[in-house]
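I have placed the structure first, in the form of structure tokens, so that the comments after it can refer back to it.
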Amino acid sequence: MTVYDRERDGPLDHGREAIGNVGFTHALVIGIGRYTYMTGGHAGRLVESAFDFGQIVSSPVAAREFALWLLEEFNNPRAPLGSIELLTSPEITFQSLRDSYEASAGTLENVQEAFDKWFERCHSNPANVAVFYFSGHGVMAALEHALLLENFGKWPNPFAHAINFNHMHRVMGSCKAETQLYFIDSCRESSPDAYNYLDNFGQALGKLGAMSMNCHEAPIFQATAPGGEAYGSASCGTRFTAALLACLRGRGARRSAVTHEWVLTTSGLSEALPLVICEFGSPAQTPRTEGSHCGRIIIHVLPGPPEVEVCISCSPEAAYKSGRFIMAPVSAPTHVAYASERGNGPWTVRAEAGHYIATVEFETTEFASSYCEIWVDPPGPSAALIQVPRQDAKGT
Amino acid sequence: MSVPISIRLEQPPSTVTVPVFAELLDGDLCPVTLFELYTNRTKEIELAPGRYLLRARLPSGELLRKSIAVPSEGRVPPFVFHGPSPPNADLSLQHFLGDLKGTPHPLPYRDLESTWVRLWHCVNQKWESTRWPARFHGLGDVAVSELSLPLDCVYFLQIGGPLVPHRFVALPPSRESLRILIRATRHQVGFTGGVAVRVTTADAEAEVLMRYDAMGATSPAAFVAELLATQLEESPDSKANPNRALLACYFLLKSRDYERLDSCSIELDKQASWLLDANIIKATSDVARGNSSANWRLQDLVPSSSRVPIYTAGLRYLQDLLREFRLDPRKHTAELNLNFNWVARYANAVDWTESRLTFLGTHPEQPDARGPRGTPNDKDLLFLGTVNHLKSIPAWPSANPDVSEDLIGRLHQRDPAALDEMYRRYQRVLRGYLRGRCTSLSDAEDLLQTTWILILENLDRFDPSKGNFAAFAKYWASITCKRHYDPRNVWLHATVLFSQLTREPDSESFDQREDLAERASKLRGSEQVELRKSLANIIRIVFEESNPPHQVLAFGFCRLLGWTPKRFVDELYFQTLREVAERLFADLRQELPEGNVPLSGLQARFMNRLDGTLLEEVLDPATRNRYPALHLQELARTRISEYCTEPDTSVRNVSHWVYSVTRRLTGKRFAKELGRYYP
């Protein structure tokens, strides 16, 4: 289902647009959580046990979150949002600009139809940006990566209802869009059983053209390294998408030396993703950036400085009882940008990226007010420790 | 107005300079300059007065952040930063590169002990394995080995064990020596078996590029790749290093810098045309540019038995290329299909998280994603646990002398107090040692006195650098024992003792081996037939009585076949009692001529015993109490390792089992029987 079409719904309010011959960003977002032929599915029979991975709750949620980010926050003046195709299993309701739409189910037929539309849109202009997002089960055999669709297992070759991502990527080589971004939030575990289907390992979704290697700027942001697992939970969605959105919202951003805007480049995203996903703890998940890219392509321009988590503590800990933290930009030291309640510590705050002076103040004379310099820069978190000297009753 | 400032990143080892990607941000976090900052080398730059944030991305993934204040007046002192402190000075480069990341934890001794390594290389289109040509040293929780390899073919390290899936790790074609680290890991335990292997070359720049690229740090990687490519173009032959050229070419290919890739790949071809990686790089860049001459390259890409890419990226590109060819109906041939399947088999068994090709399999030509485990019956395995100085991790003990130099000096001067001290220390050890080797307690007591006399007579020959005093004393105890039994023509004992003396590593440093060999050979004369009968009787007694099976097996190997307890532990530690028994009887059949002893009947009865549980088959209450966890287990399925409650003392345990059986044999019950064979 096309949940956003610029021609139909009009331009977005928040996005800026460059003057001149610009392209558009077209997105195909797929989140598969319902697998009909796996345990918990409604079909009368199950796919062979080696591929029975069960149902996922987090994938459709993650797909919706990503689509929402595109609709509400995405800003690329050189390629504003042009369209979003959203397919989820189970079908979810998506509130777009004007209307709410029910996403199409992630069946092969629907995916093929959405892919064709998406391809045509992307193909219309070399300046277009193609965004492909998939969340759901994935299987690898050798290096071939199959993304499993809702009806996976329906036919004797279960991979008939899957996308062969390598082939799809290859098909996109013939697409004119010079920048193509792929976000694959799925497991990449190798399966010896899948190896038997290597000759017909999913659908390419398009015609594999004449031999030529992909020469586009086409990074693939994979949730995990080949052979690895990608994790998620019903309550928090998937780790990769959560980390991806955190990076897109600023944790992967850096300031442009030319425009001085906060931008997210392919390189910045590639470097920040592993750091952010580490914060989810064990078991470890190692996102990988693959495909060809120079790293300098701007994915997203932030409206302002990103917010970064800051943790300020002081020593000795006894000072927390009567201390109050404040943070002021170095450029305007008298302007208190952030302040804590008295008696709380260590102090954690989300602050805009910048250069600050952090001070801890006291009402009593037991401790002397102290300060330190702190740089708040993505991906964070930034931390500082303020050494607080004790003083006597006279304040010396 | 700009002020000259100098920045220095101090990072051990101080002799090594490693390029690190650094950027300076101003107060608004706008990038001011990007530059390479070599560790332990001062970088001079000019900055306008103000405050800056220096951010340096370390190859370990760590982000070093330092504040710099450049005053408008006065002399600016150098800004010196310190990198992360390594846990061990000898491993500082590896720590800096991130090879020691993760929570350090000791490698379980049992795992280490049975884990082996060996080297594979290709000779005349045929893969051959050889013993690992270097030693492993213990450094903290890491086992380290260093070696240099000729630049003539692809080399693989293979590691495996009963608990560690057999896997191959490609060794980079480096002109410098390689450093191999083996340590415990909790990462991908299913693949690694809990044992990680890290290979580092001394070429720090190439190593940094590999780490940056692996972590997805595109900008830093591009920075270092630029350095390498420039060096390669400007002085191609001065630093001929295929590994460096390979990494630079892979990065240029990834970033689609084809023009520079062309010049660098020519250099790579000159340095190592035997590398399949070189062909893959050239073919990929040709195909990407639509170069029609790519057709002939297909033949170059045909993987042969000796050609496997060194880097994982190479396998990826190769598979992409073959897939491309396969999708083209004009090029789709049966041979291409075969090649694609060949690559797919490797791809299925490869650890894609590693930069250098790492795959599971028993043979370089037979990748096996299932991860076979076990110990091949080959002589070229180097067991990590059998290396003397690798007894355990952490805290591998060095060959510490067990007596002080002062005491040795006093001994040499025949100081009575020093002699008393030595007697007090080693009397108990020697008595036990002799009791395990003598046919009676009285013999052992007699020989103990003789041993001390011999030790004192030969004290001048004791050299602490060749072994500790305990080994020296045991050596002379063995000599005493042998001299005692030699005239009595007890072939069994003479042979066993001779075997022990020649195989005991601790005694290698001492002489008289030739003398012993000569004397032992004299024993094998006309009386050998009779002595074999004695041996056959002993075998019968041992296997028919109710000695605990694990003790019987230890006795069988160490007494009847002449193995040392150490060898027993090295080779059989993780085998089940059934496997060990089958091996023992097979070996005994080779030692004894047919008809001497009904081995088949003995084996059948012994195997029947193994079908029972420990409670059913072991009558000795002390043994039962010692292994409560094994009470209800089928004996045949228990492993030797399960009888060694303390891994560090497993060799001592085996000696004790042998001694236990010997003592029972020399007890009253068998005195008469044994008296016939031991005059």
Mind listing just one residue for me: the one in the stretch B:10-30 that is in contact (Cβ under 8 Å) with a residue 60 or more places away in the chain, in contact with an Asp or Glu (Cβ under 8 Å, 6 or more places away or on another chain) and part of a strand (DSSP E or B) and, of those, farthest from B:Glu62 (Cα to Cα)?
-> B:Pro19
Can you pull out the residues in the stretch A:35-60 that are under 13 Å from A:Ile92 (Cα atoms) and surrounded by 23 or more Cβ atoms within 10 Å (Cβ to Cβ)?
-> A:Ser58, A:Ser59, A:Pro60
Quickly run through the stretch A:36-58 and pick out the residues that are under 12 Å from A:Gly136 (Cβ atoms) and touching a Leu at 6+ places or on another chain (Cβ under 7 Å).
-> A:Met38
Going through the stretch B:120-157 in order, the residues found to be within 23 Å of B:Leu275 (Cα to Cα) and without any contact (Cβ under 8 Å) to a residue 60 or more places away in the chain are B:His121, B:Val123, B:Asn124, B:Glu128, B:Pro133, B:Glu146, B:Leu147, B:Ser148, B:Leu149, B:Pro150, B:Tyr155, B:Leu157
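Report whether or not A:Gly228 is surrounded by fewer than 20 Cβ atoms within 10 Å (Cβ to Cβ), over 16 Å from the mean Cα position of the chain (by Cα) and within 13 Å of chain B (Cβ to nearest Cβ). Let's see the steps before the verdict.
Numbers: surrounded by fewer than 20 Cβ atoms within 10 Å (Cβ to Cβ): no; over 16 Å from the mean Cα position of the chain (by Cα): yes; within 13 Å of chain B (Cβ to nearest Cβ): yes.
It is false that A:Gly228 is surrounded by fewer than 20 Cβ atoms within 10 Å (Cβ to Cβ), over 16 Å from the mean Cα position of the chain (by Cα) and within 13 Å of chain B (Cβ to nearest Cβ).
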Residues of the stretch A:342-370 satisfying the condition of being aromatic (Phe, Trp, Tyr) and at pLDDT below 90 | A:Trp347, A:Phe362, A:Phe367
Can you give me the number of residues within the stretch A:318-330 that are under 33 Å from the mean Cα position of the chain (by Cα) and outside any strand (DSSP E or B)?
-> 1
Of all the residues that make up the stretch A:374-385, how many are closer than 18 Å to A:Ala339 by Cα and modelled with pLDDT under 90?
-> 5
Considering only the stretch B:197-212, state which residues are of a type outside the set (Gly, Ala, Ser) and either at the interface with another protein chain (Cβ under 10 Å from one of its Cβ atoms) or more than 28 Å from A:Gly252 (Cβ to Cβ) (or both).
-> B:Val197, B:Arg198, B:Val199, B:Thr200, B:Thr201, B:Asp203, B:Tyr212
Among the residues of the stretch A:156-194, which ones are outside any strand (DSSP E or B) and under 22 Å from the mean Cα position of the chain (by Cα)?
-> A:Phe165, A:Asn166, A:Met168, A:His169, A:Met172, A:Ala177, A:Glu178, A:Ser186, A:Cys187, A:Arg188, A:Glu189
Taking A:Gly304, is it under 16 Å from B:Ser255 (Cα atoms), more than 8 Å from chain B (Cβ to nearest Cβ) and surrounded by fewer than 22 Cβ atoms within 10 Å (Cβ to Cβ)?
-> no
A:Ser235 vs. criteria under 26 Å from the mean Cα position of the chain (by Cα) and within 26 Å of A:Ser49 (Cα to Cα) = no
Set B:Thr39, B:Thr33: member being on the phi < 0 side of the Ramachandran plot, touching a Gly at 6+ places or on another chain (Cβ under 8 Å) and among the hydroxyl-bearing types (Ser, Thr, Tyr) | B:Thr39
Among the residues listed as A:Tyr133, A:Tyr195, the single one being modelled with pLDDT of 85 or more, crowded, with 18+ Cβ neighbours inside 10 Å and of a type outside the set (D, E, K, R) | A:Tyr133
Before we move on, is A:Gly33 over 19 Å from A:Ala114 (Cα atoms) and in contact with a strand residue (DSSP E or B) (Cβ under 7 Å, 6 or more places away or on another chain)?
-> no
Inside the stretch A:257-273, the number of residues satisfying the requirement of being facing chain B (nearest Cβ under 8 Å) and either surrounded by fewer than 19 Cβ atoms within 10 Å (Cβ to Cβ) or more than 16 Å from B:Ala221 (Cβ to Cβ) (or both) is 2
Out of curiosity, is A:Tyr37 within 24 Å of A:Ile163 (Cβ to Cβ), touching a Ser or Thr at 6+ places or on another chain (Cβ under 6 Å), modelled with pLDDT of 90 or more and aromatic (Phe, Trp, Tyr)?
-> no
Listed residues A:Ser382, A:Ser322, A:Ser331; which is among the polar types (S, T, N, Q), more than 14 Å from chain B (Cβ to nearest Cβ) and in contact with a strand residue (DSSP E or B) (Cβ under 9 Å, 6 or more places away or on another chain)?
-> A:Ser322
Would you check which residues across the stretch A:134-154 are over 17 Å from A:Tyr231 (Cα atoms) and part of a loop (DSSP other than H, G, I, E, B) and list them?
-> A:Ala142, A:Leu143, A:Leu149, A:Glu150, A:Asn151, A:Phe152, A:Gly153, A:Lys154
A:Leu86 being more than 14 Å from chain B (Cβ to nearest Cβ), under 21 Å from the mean Cα position of the chain (by Cα), within 30 Å of B:Phe359 (Cα to Cα) and modelled with pLDDT of 95 or more | no
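Can you tell me how many residues in the stretch B:47-58 are over 12 Å from B:Leu24 (Cβ atoms) and away from every other protein chain (no Cβ under 13 Å)? Spell out the reasoning first.
The initial filter retains those residues of the stretch B:47-58 that are over 12 Å from B:Leu24 (Cβ atoms), namely B:49, B:57-58.
If we keep only those that are away from every other protein chain (no Cβ under 13 Å) too, we end up with B:49.
Final tally of qualifying residues: 1.
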In the stretch A:242-291, residue farthest from the chain's Cα centre (by Cα) [restricted to those that are of a type in the set (S, T, N, Q) and under 17 Å from A:Asn76 (Cβ atoms)] = A:Thr259
Only one of (1) modelled with pLDDT of 90 or more; (2) hydroxyl-bearing (Ser, Thr, Tyr); (3) surrounded by fewer than 21 Cβ atoms within 10 Å (Cβ to Cβ) does not apply to A:Ser313, and that is (1)
The stretch B:607-661: number of residues that are under 13 Å from B:Arg578 (Cα atoms), part of a helix (DSSP H, G or I) and in contact with a Leu (Cβ under 9 Å, 6 or more places away or on another chain) = 6
Run down B:Ala225, B:Ala217, B:Ala245, B:Ala240 and say which single residue is farther than 24 Å from A:Gln222 by Cα and crowded, with 21+ Cβ neighbours inside 10 Å.
-> B:Ala245
Out of the residues in the stretch A:338-365 that are surrounded by fewer than 15 Cβ atoms within 10 Å (Cβ to Cβ) and part of a loop (DSSP other than H, G, I, E, B), state the one that is nearest to the other protein chains (Cβ to nearest Cβ).
-> A:Asn344
Here are B:Tyr317, B:Tyr311, B:Tyr346: which of them is more than 10 Å from chain A (Cβ to nearest Cβ) and either crowded, with 22+ Cβ neighbours inside 10 Å or hydrophobic (A, V, I, L, M, F, W, C) (or both)?
-> B:Tyr311
Just for the stretch A:368-379: of the residues that are more than 10 Å from chain B (Cβ to nearest Cβ) and in a loop (DSSP other than H, G, I, E, B), which one is farthest from A:Arg249 (Cα to Cα)?
-> A:Ala368
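The values are calculated or read from the model by the stated rules, or taken from the named source; none is laboratory data. Here the structure is a predicted model, which is why all the values come from computation and not from measurement. Ideal geometry is used to build each Cβ from the backbone, glycine not excepted, and the neighbour counts take in all protein chains shown.
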